[in-house]
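Read through the structure below, which is laid out as structure tokens, and then see the notes.
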Amino acid sequence: MITNISNHSTRILIIDDDEDDFFITSDLIRQIPDNNFKIDWCYNYDQALQSIIHGGYDIYFVDYRLGIKTGLDLLKEVCAKGCEEPIVLLTGKGNKVIDVEAMQVGATDYLIKSELSVEKLERCIRYSLERTNSLKKIKSNERKYRNIFEHSKDAVFILDSSLVFQDMNEATNKLLGYSKDELKGKSFFELLTNNNHIAAFKKAANGEEIKDDLEIELLTKDRDIRNCIISITNENVDGEKLQFQGFVHDITNLKKAEKANLQIEKLAAAGRLVRTLAHEVRNPLNNINMSVEQLKNEVNEDLSFYLHIIYKNSNRINDLIKELLDFSKPGDLVFEKKSLQSIMDKTIAQALDRIILKHINLQLRYDSVPAEILADEKKLSIAFLNMLINAVESMEENTGKLTIEISHHNSQHVVSIADNGCGIPPENLSRLFEPYFTSKRNGVGLGLVSTLNIIKSHKGNIEVQSKPNEGTTFNVLFPNAALAG
């Protein structure tokens, strides 16, 4: 039973099974100068437990002895349920063991009844309320910043002095593909792919500050590379232990979009140039051909030989112009719902002689479900064939391995063409789809440009990964026909 004694604003509940002790304690509290207290009494353990759990009081004084249970038992129960209000433990005699245990469990203070005084109670109440208010503010800030930490869309993590993961938010796990348990204890160095970045972070581990944000590549659990911007700071914990806080923003999709836009701009610029040149060259070329036709019947046999050379080479120039125009614009495409597996099988049949002659090990990995897209089968087969021929030509005879995979990821169909050939140097990788750029001795530099043009006309995209002397992988991404339609 809870008995109301007065009507003041600072609410105090005294939990004591001895009514005389309650009166003594409450009288001392009332003698505090300028008091503004509302004091209630509770002598039942279970009612006291419910009162504390449901709140309603600013501070609790709890006697150590509460029938068959103790104030420590009550203290443990309410602290386990998240009580944040100050609880002061009262006892008849001083006991250091109880004192220490009470403070460890969560008591704000520990007082001996025989030593109570107005001054002690005033100090105890003032200190307990101030301390509790401070702790509540700290916990509130902690919850606020923990909420920011946990729900940030950017990866946020903490590393120790050796750059080993200690804590991280969910976005970090999602970005890297590791669970929290897998990342804890893992070195940040294991995720870096660039030697220059490894050197920079080694300096950081030795105490050197990284002042500017860095653009880095991180290796995920699935061995994918993510382009990221990282901001990292360090601080000394407890005055001596170095700790790092990392903030990572994933810019992989942004980089892909930038690369795709750049490819489109290059193709558009090259297309405009080709059409202008074709127009300017074809006019005089037509005049040359008309003149040759006119002179055929007016010259002798010796001179007609030279006219034939002129005519033959003008036709060659005309064919070259036609080829350039075909590259700049794939022409009219007829889209139908087609299976990528079917188109790829027909394309492989066209390249099979080359594959067999070089004794290349061909491996096919297709989804059992047809990967259907809206496609111009003839044009798309040309694009696939260009990539297959490049792969075959890059590999050594008898040791080549060509893997073609068709799969489905994130609402997209992915065609992967991977070889173990000579690879592409990093300086050439960014220029791969530039018109007229080629590393082949007799190449024109239009094959992959035409391929990209065809893929773009199918609303697709091409991603290339390559390492010199290890091989190259072309990943071609197409929208699902069901979604595209």
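The values are calculated or read from the model by the stated rules, or taken from the named source; none is laboratory data. Every value quoted in this text rests on a predicted model; they were computed, and no experiment measured them. Glycine also receives a Cβ, built like all others from the backbone with ideal geometry; neighbour counts cover every protein chain displayed. These area figures cover heavy atoms from the full protein model, side chains too; ligands, DNA and RNA do not enter into them. Shrake-Rupley method; radii C 1.70, N 1.55, O 1.52, S 1.80 Å.
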From phi via Karplus (6.51, -1.76, 1.60), per-residue ³J(HN,Hα) for the stretch 155-170 in Hz, x at Gly/Pro: 6, 10, 8, 10, 10, 7, 5, 9, 6, 9, 4, 10, 7, 7, 8, 5
Could you derive backbone 3J(HN,Hα) for the stretch 200-214 from the dihedral phi with the Karplus parameters 6.51, -1.76 and 1.60 (θ = phi - 60°), listing whole Hz in sequence and x where the residue is Gly or Pro? 5, 6, 5, 5, 4, 5, 8, x, 7, 7, 9, 7, 9, 5, 10
Would you mind telling me the share, in percent, of accessible area of the chain contributed by carbon and sulfur at probe 1.4 angstrom? 49 percent
Magnitude of the Cβ-charge dipole (Lys and Arg +1, Asp and Glu -1) of the stretch 74-205 about the Cα centre, nearest 20 debye, reported as 180 debye
Using the heavy atoms of the protein chains alone and a 1.4 angstrom probe, what is the accessible area of the stretch 279-365 per residue in square angstrom? 73 Å²
Expected sort for 470-480, 25-35 on mean C-beta neighbours within 10 Å, highest first, is 470-480, 25-35
Under 17 Å from the Cα of LYS184, which lysines turn up, not counting those fewer than eight places away in the same chain? LYS174, LYS221
All-pairs Cα distance distribution in the stretch 199-265, expressed in whole percent, bin size 5 Å: 4, 14, 18, 19, 16, 12, 8, 5, 2, 1, 1
Calculate the dipole size of the chain relative to its Cα centre from +1 charges on Lys and Arg beta carbons and -1 charges on Asp and Glu beta carbons; express the result in debye to the nearest 20. 1700 debye
Furthest towards positive pole of dipole, SER26, LEU135, LEU364, structure part the chain, Cβ charges: LEU364
Excluding residues fewer than 8 places away in the same chain, name every one of the lysines whose C-alpha is closer than 16 Å to that of LYS322. LYS312
Considering just Cα atoms, how many Å³ per residue does the convex hull of the stretch 42-102 enclose? 84 Å³
Could you give each residue of the stretch 405-419 its phi-based ³J(HN,Hα) in whole Hz, using Karplus coefficients 6.51, -1.76, 1.60 with θ = phi - 60°, and x for Gly or Pro? 10, 10, 9, 10, 9, 6, 6, 10, 8, 10, 9, 10, 10, 10, 10
Can you work out the FRET efficiency for the pair GLN243 and ASP332, with r the C-beta to C-beta distance and R0 = 56 Å, to the nearest 0.05? 0.35
Cα-centre dipole for the stretch 22-73 with unit charges at Cβ (Lys and Arg positive, Asp and Glu negative), debye to 20: 80 debye
If you take the alpha carbon radius of gyration of the stretch 102-176 and divide it by 2.2 N^0.38 Å, what ratio comes out, to two decimals? 1.81
Compactness of the stretch 137-221 - radius of gyration and Dmax, Cα, Å: 14.0, 45
Can you work out D for the stretch 23-145 in µm² s⁻¹ from Stokes-Einstein, where Rh is the Kirkwood radius over C-alpha pairs, the temperature is 4 °C and the viscosity is 1.567 mPa s? 86 µm²/s
Per principal axis, largest first, the Cα atoms of the stretch 263-359 extend in Å by 59, 38, 25
Any residue on another chain or 5+ positions along whose placed amide H is under 5 Å from the amide H of PHE61 is listed here as LEU13, ILE14, ILE15, VAL88
Please work out how much length the chain gains when fully extended from GLU393 to GLU130, using 0.36 nm per residue of separation minus the C-alpha to C-alpha distance, in nm with one decimal. 86.8 nm
Can I get the semi-axes of the chain's equivalent ellipsoid? Compute them from the C-alpha gyration tensor as square roots of 5 times the eigenvalues, in angstrom, largest first. 83, 22, 22
Over the Cα atoms, compute the radius of gyration (one decimal) and Dmax (the largest Cα-Cα distance, rounded to a whole number) for the stretch 343-480, in Å. 14.3, 41
Note on the stretch 1-159, DSSP bridge orientation, antiparallel percent to nearest 5 equals 20 percent
